[in-house]
């Protein structure tokens, strides 16, 4: 079955950096785009970034554009989220998630990891 | 502010039916599929409904989804105590080039 396991969360200072990873298994990874979605404490879900199956096309929410970079390793079935210039408002649980269809799929996630907590605080 | 609009809370007695709404726009729900999730505190969302009205594996037929224009609906019939949770909707946003979410509806079984 589909398994998504995030890691790399922790505490960072404002202006600092963190790199999140998501280990993926249970489906043909290279055929699917991958999302990062976050949830601030007590808040709703916010899409952060998508990297399409080709690894070339990437899109970001305005709130993280220019600070976060999404990438993928199709050989090792991993997705990454490099986060720089972190702000207090980036504090959230970060989930990696798989879209509901393959290739050029404009649909929400159908599977989620367990999430990793990122806390930005001085 | 969430892109999709849901009522913050709903409640019903055991055995009753409730219907949760999710309102969007022509560039979200109006042009794309809707997914629904159940989320318990401290856990990741789990898929209930995909592509407007398809139940995910293992989801009982007490849960049903529908869509009309720029709104979508999740009906839960035969309410049970273990239906207490947050329910979230999601769709694609053609303008953002990413998925968008509702703020969630907290369901309480009286």
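The values are calculated or read from the model by the stated rules, or taken from the named source; none is laboratory data. Nothing here was measured: the structure is a model prediction, and the numbers come from that model. Positions of Cβ are generated from backbone atoms using ideal geometry, with glycine treated the same way; all protein chains shown enter the neighbour counts.
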Inset, instruction - Go through (1) crowded, with 18+ Cβ neighbours inside 10 Å; (2) more than 10 Å from the chain's Cα centre (by Cα) one by one and return the number of the condition residue B:9 breaks. - result: (1)
Legend entry - Selection within region B:59-87 - out of contact with any helix residue (DSSP H, G or I) (no Cβ under 7 Å at 6 or more places or on another chain), assigned to a strand (DSSP E or B) and closer than 22 Å to residue B:44 by Cβ: B:63, B:65, B:74, B:85, B:86, B:87
Inset, instruction - Please enumerate the residues belonging to region B:1-49 that are part of a strand (DSSP E or B) and under 12 Å from residue B:76 (Cβ atoms). - result: B:10, B:11, B:12, B:18, B:19, B:20, B:36, B:38, B:48, B:49
Legend entry - Selected residue (criterion: farthest from the other protein chains (Cβ to nearest Cβ)) from residues of region B:30-50 that are over 24 Å from residue A:94 (Cα atoms) and at pLDDT 95 or above: B:30
Inset, instruction - Being part of a loop (DSSP other than H, G, I, E, B) and in contact (Cβ under 8 Å) with a residue 24 or more places away in the chain is the filter here, so list the residues in region A:72-99 that pass it. - result: A:74, A:77, A:84, A:85, A:86, A:87, A:91
Inset, instruction - Would you point out which residue out of A:11, A:79, A:50 is buried (at least 22 other Cβ atoms within 10 Å of the Cβ), modelled with pLDDT of 95 or more and away from every other protein chain (no Cβ under 14 Å)? - result: A:79
Legend entry - Single match in B:97, B:27, B:91 (criterion: without any contact (Cβ under 8 Å) to a residue 12 or more places away in the chain, within 22 Å of residue A:33 (Cα to Cα) and within 13 Å of chain A (Cβ to nearest Cβ)): B:97
Legend entry - Selection count, region A:112-122, where residues are at pLDDT 95 or above and either more than 7 Å from chain B (Cβ to nearest Cβ) or under 18 Å from residue B:28 (Cβ atoms) (or both): 6
